[in-house]
1. For the range 244-275 and the range 286-344, what is the separation of their C-alpha centers, rounded to whole Å?
2. Just want the ordering: 46, 214, 54, from fewest to most Cβ atoms lying within 10 Å of their own Cβ.
3. Fewest to most neighbouring Cβ within 10 Å: what's the order for 377, 405?
4. Using the count of nearby Cβ atoms within 10 Å as a rough guide to exposure, how do 101, 308 rank from fewest to most?
Amino acid sequence: MTVAASGSDTEENSMIGSMSHAWRALRHRNFQLFFFGQTISVIGNWMTRLATTWLVYQMTHSALLLGVVRVERLNRRKLLVATQAAAAVQSLALAVLTLTHVITLWEIIALTALQGLINAFDMPGRQSFLVQMVDDRNDLSNAIAINSSMANGARLIGPAIAGLVIAAFGEGWCFLIDGISYSAVIASLLSMRITRSESHRNRASMLEQMREGWDYVRMFRPIRTILLLFSLISLMGYSYSVVMPIFAGQVLHGGATTLGWLTGASGVGALVSALSLAARRSVVGLTRMLQISAAMLGCALILFGLSHMFWLSLVLMVFVGFGLMQTAAASNTIIQSLVPDDKRARAMSYYTMAFFGAAPFGSLLAGALAHRIGAPHTVIFTGAFCVAGSVWFTLDLPKVNGVMHPIYREMGLMPAKEIDPVSADADVRYQLSDEVCLQPGGKSL
């Protein structure tokens, strides 16, 4: 009896330890403030996204114009306060114009373009600011995963609330709620206590620093390959959301509530993906998840394009959300784990460009294709490209791992006993095949 109880206690303690490990980054005060403030704000963001998409669809019933609208979609703390304040003004302007019934399509495009410009500054600043919010660098990957969990929990809650608010009061109230929600994240940023680190001031010109960052990203095989895959997924994978109102209204014969359910289902998948990343104890093995998630995303999109049943479409949206989230968050985590501090902001700016540079063109492409060949065939087409990207990444994965494994061994993330002679030989071959392969710190491999 005693032994059984002891075993049960051990199992329970192990479970509690695993749960606490999954949320360990929240022990840092600054990250706690950011997490709770950002949660409120991002729920509002997703309400605005769904409300904007539905408003344009109701005004135009045009797949092409849906694509056009989606195209637009220092001191790092001060930068983030400024971008969040600007985003609040943008949402409040949408609210005023919509609630007074004077809004036009071109005003929506202009204000969404402004939001896209704000995001271009906000996203790289937010990603690189995570390092300053988490005192222990070992918790950085967990902070990224928790941040992704928060964003996708909001992605689940926001559209569901937006669907109800639109049905009851109209789109304008979604914009108003979003505008007010920014006050939470601004308050959290202003409440943080940030310790300025002593860092060597780079005397190189901005042009030289940009060129140095580009050379690093271009010549360092793991980051180059991951960014290329992420760019393809951003171009083809994220574009499905442009035609979602058409699926909700024409394919599945629903309305704003149907759109909310479909968006919420993708949020469920994304949240599950983010939580699985938060539970990971190491970044080792994430490249394999990139390979799997890209293939999962592509297959789910192809099947979604073929589906005419609401319940099946909901299930497939869960897999779409999982694939998108896993690709984005795993890419983010791997890059931040490999890049040295002095190149982090520049590397993350390329990560941002991979999304904000490719996704708008993907939205235009999806809108134009849906206008010509229909929404279902468009989603099938983009899904096929995601599968092709997974195949290409799979073929290049041995070379990528060959460069990454020595870095992870030096960082203590990969014990020597896990390395077999074949992998070790491959490491040497692939290092020699790259023109320049730099470890964090600038040392040649």
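1. 16 Å
2. Working: 46 26, 214 12, 54 23.
Listed from fewest to most nearby Cβ atoms, that is 214, 54, 46.
3. On the way: 377 14, 405 20.
Ranking 377, 405 by Cβ neighbours within 10 Å, fewest first, gives 377, 405.
4. Values: 101 8, 308 11.
Ordered from fewest to most neighbouring Cβ atoms within 10 Å, 101, 308 come out as 101, 308.
Each reported figure results from applying straightforward, stated rules to the coordinates on display, with no laboratory input. As the structure is a prediction and not an experimental result, all values here were calculated from the model. With ideal geometry, Cβ positions are generated from the backbone for all residues, glycine too; neighbour counts draw on all protein chains shown.
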